[in-house]
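J.: So that we are looking at the same thing, I have put the structure below in structure tokens.
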Amino acid sequence: LVVLEIDEALLGDITVWEDGDPPDPDGKQFPHVYGPIPPAAVVAAHEFPPGENGFTLPESLQRPT
């Protein structure tokens, strides 16, 4: 598996920010892409192998908590 890193600014108007299911108690919304992703919007591909406890995002993609 790979994780594609996408530049949202290059997606145009196909991204819609929506509530999760169930909605996040803090009001956090999540991006949903409705349409084909232009190849130019993909800025990197990261390997996504499973670890001992499942999958973990590559460190370069993790946001500080």
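J.: How large is the convex hull of the Cα atoms of the chain per residue, expressed in Å³ as a whole number? Write down the numbers at each step before the final one.
T.: On the way: hull volume 9.0 nm³, N = 65.
About 138 Å³ per residue, rounded to a whole number.
J.: Just flag the chymotrypsin sites (Phe, Trp or Tyr not before Pro) in the chain sitting in loop per DSSP whose Cβ has no more than 14 other Cβ atoms within 10 Å. All intermediate terms of the calculation are to be shown ahead of the outcome.
T.: Values: sites: Trp17, Tyr34, Phe55; in loops: Tyr34, Phe55.
Hits after loop and neighbour filter: Tyr34, Phe55.
J.: Let me ask something else. Could you go through segment 48-57 in sequence order and give the Karplus-derived ³J(HN,Hα) for each residue, using 6.51 cos²θ - 1.76 cosθ + 1.60 with θ = phi - 60°, rounded to whole Hz, and x for Gly and Pro?
T.: 9, x, x, x, 4, 10, x, 9, 9, 4
J.: Same structure, new question: Quick one: which residues, 5 or more positions from Ile6 or on another chain, have an amide H under 5 Å from its amide H? H modelled 1.01 Å from N in the peptide plane, none for Pro or chain starts.
T.: Val43
J.: Please check which bits of segment 1-23 a label hung off Gln62 would reach, taking the label as a point 7 Å along Cα-to-C-beta and the cut-off as backbone N under 17 Å.
T.: Only 3 fall inside the zone, counting backbone N under 17 Å.
Bear in mind that the values in this text are calculations on the coordinates, not laboratory data. As the structure is a prediction and not an experimental result, all values here were calculated from the model. Here Cβ is always computed from backbone atoms with ideal geometry, including for glycine, and neighbour counts include all displayed protein chains.
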